[in-house]
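Below is one structure, written out as structure tokens; the observations come after it.
A short reminder: the numbers here are calculations on the coordinates, not readings from a lab. Keep in mind it's a predicted model, so treat the numbers as computed, not measured. All Cβ positions, glycine included, derive from the backbone under ideal geometry; neighbour counts span all protein chains shown.
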Amino acid sequence: MLRRTNWQTRELAQVMKWPASEVVRAMDTLRAEGLVAVSADDPTAFRAVEPCIALPALLARSMHEGRSPQPRPVEIDRFIALHERAVERIEESADGGGHRHDASTVIERMVAKAESDVVFLVPRYVEGGFAFSRPIVDMALRRGMRLRAVWTSSVFHAHHAMVHAQWLAQQDVPPRMADSVPVSAMIMDGAAAVVIDDSHTPRVVRSASELDSLCALAERFWERGTAVRQLRRTPGAATTRRPRTEIVLRLLAEGLTDDAIARRLGCSVRTVRNDVAAAMVALDARSRFQAGARAMQVGLI
């Protein structure tokens with residue numbers, strides 16, 4: 001899947017030598033696991049979610065569900081590193097042929113390197129578009145980032161967009177609404193941005209002057225954006241609180257002691273130590289400090 005921007009079901013069936021029905025079932029499973037998504041360039045095709053986003057999410061879900069992670073953390077780290085090096089070699093080649101340049105791929109790779117803040121400006125609904133990606137949101141929230149989105153009012157009319165908006169609200173990051181949004185963009189830490197043109201072609205922005213303009217635009221639209229009344233929590237919906245183990249790992253990586261973490265979370269030291277022990281097993285770590293470092297290394301936090 002990583003060899004091309006997107007794949008039709010029939011193309012995968014030919015390559016895999018599988019019946020089309022089996023390919024459809026496989027794609028459904030991979031989509032449920034967050035490894036594959038609908039292509040924004042062609043809603044009848046599928047694309048692989050970048051490993052730096054998809055594999056840490058798979059690891060986090062396995063740990064949260066108490067399952068033994070497959071693949072193992074060391075294997076995840078190795079695969080992501082190999083993929084990154086392969087992409088760098090392709091980008092440095094004469095024509096960059098074979099590299100995936102679609103907007104979702106570019107943004108996934110950039111969000112994986114974000115540290116504190118991600119803003120989406122969304123003028124239209126695009127099925128499979130980066131602005132409606134749960135894996136991207138999950139990555140940002142797992143790592144404790146501030147995530148904001150401003151959608152033009154017409155976006156909320158699309159059923160799938162509204163479903164995503166409701167899900168965002170359940171995560172405590174509901175999008176705000178504006179009468180119009182002049183540009184499709186993602187801004188990361190105020191240090192880089194990706195602007196998407198009308199043909200869905202991404203352009204990475206690092207120029208200080210253009211970034212200042214985009215950041216000012218995003219802040220203005222966020223401040224003026226309105227909350228959507230329909231985005232209320234549904235009774236019995238999943239809690240917005242992140243799994244405690246994620247928070248414990250993040251605080252471990254920051255160098256806090258078990259006692260300090262327990263005070264921060266308002267739980268017992270024994271609870272923290274149990275979480276740390278479980279995380280050490282899942283992450284193949286020999287010490288609490290290695291667990292925190294490895295969680296950060298593989299993009300878990």
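Just in segment 45-94: which GluC sites (Glu not before Pro) are loop by DSSP and have at most 10 other Cβ atoms within 10 Å?
Answer by residue number: E65.
Take every DSSP beta bridge with both residues inside the chain and express the antiparallel ones as a percent of the total, to the nearest 5.
The antiparallel fraction comes to roughly 65 percent.
Tell me, what is the percent relative contact order of segment 35-133, built from C-alpha pairs under 8 Å that lie six or more residues apart? It would help to have the intermediate numbers written out before the result.
Numbers: 75 pairs, mean separation 34.3, N = 99.
After rounding, I find 35 percent.
If you look at just the Cα atoms of segment 6-110, how large are its Rg and its Dmax in Å?
15.1, 46
Using the alpha-carbon centroid of each, what span in Å lies between segment 15-68 and segment 241-293?
Segment 15-68 and segment 241-293 have Cα centres spaced 29 Å from each other.
Based on DSSP, what percent of beta bridges with both residues in segment 117-224 are antiparallel, to the nearest 5?
Taking every DSSP beta bridge within segment 117-224, about 60 percent pair in antiparallel fashion.
Add +1 for every Lys or Arg and -1 for every Asp or Glu among the other residues with Cβ under 11 Å from the Cβ of P73, and state the total.
Numbers: positive: R72, R78, R294; negative: E75, D77, D284.
Residues close to P73 contribute a combined charge of 0.
When the helices in the chain are scored as -39500 (n - 2.57) per DSSP H run of 4 or longer and the sum is shared across all residues, what 222 nm value do you end up with, to the nearest 500 deg cm²/dmol? All intermediate terms of the calculation are to be shown ahead of the outcome.
Working: 12 runs with 144 residues, N = 301.
Value at 222 nm, helices only, nearest 500: -15000 deg cm²/dmol.
For S213 and M296 in the same chain, what is the full-extension length gain: residue separation times 0.36 nm, less their Cα-Cα distance, in nm?
Stretched fully, the S213-M296 segment lengthens by 26.7 nm.
Which entry in (i) 29, 25, 17; (ii) 36, 30, 17; (iii) 30, 26, 20 matches semi-axes √(5λ) of the Cα gyration tensor in Å derived from the coordinates of this structure?
Identified label for the calculated read-out: (iii).
Quick one: compute the contact order of the chain, relative version, from alpha carbon pairs under 8 angstrom and 6+ residues apart, as a percent.
Normalised by residue count, the contact order of the chain is 17 percent.
Taking loop as defined by DSSP and a crowding limit of 16 other beta carbons within 10 Å, which trypsin sites (Lys or Arg not before Pro) in segment 7-102 fit? Write down the numbers at each step before the final one.
Working: sites: R10, K17, R25, R31, R47, R61, R67, R78, R85, R89, R100; in loops: K17, R67, R100.
Answer by residue number: K17, R67.
Could you check how many percent of all C-alpha pairs in segment 117-224 are farther apart than 25 Å? Kindly include the intermediate steps, with their values, before the conclusion.
On the way: 731 of 5778 pairs.
Counting every Cα pair in segment 117-224, those more than 25 Å apart make up 13 percent.
In whole Hz, with x marking every Gly and Pro, tabulate ³J(HN,Hα) for segment 252-258 from phi via Karplus 6.51 cos²θ - 1.76 cosθ + 1.60, θ = phi - 60°.
After applying 6.51 cos²θ - 1.76 cosθ + 1.60, I find 4, 4, 7, x, 6, 7, 4 Hz.
When the Karplus curve 6.51 cos²θ - 1.76 cosθ + 1.60 is applied with θ = phi - 60°, which whole-Hz ³J(HN,Hα) does each residue of segment 155-171 get, with x for Gly and Pro?
The phi angles translate into 4, 5, 6, 6, 4, 5, 5, 5, 4, 5, 4, 5, 5, 4, 4, 5, 8 Hz.
Output ³J(HN,Hα) for segment 15-28: one whole-Hz value per residue in order, computed from phi by the Karplus curve 6.51 cos²θ - 1.76 cosθ + 1.60 with θ = phi - 60°, and x for Gly and Pro.
5, 7, 6, 10, x, 4, 4, 6, 5, 4, 5, 5, 5, 4
Over segment 244-297, how many percent of alpha carbon pairs lie in each 10 Å bin up to the one with the longest distance?
30, 61, 9
Subtracting the Cα-Cα distance from 0.36 nm times the residue separation, let me have the gained length for W18 to F79 in nm, one decimal. Intermediate results must be reported in sequence, preceding the final value.
Details: separation 61, 0.36 × 61 = 21.96 nm, distance 2.57 nm.
My answer for the length gained is 19.4 nm.
Treating only the Cβ atoms of Lys and Arg (+1) and Asp and Glu (-1) as charged, compute the dipole magnitude of the chain about its Cα centre; round to the nearest 20 debye.
The dipole of the chain has a size of about 1100 debye.
Modelled label-to-label distance, H64 and S199, 7 Å Cα→beta-carbon offset: nm?
Inter-label distance under the simple model: 3.9 nm.
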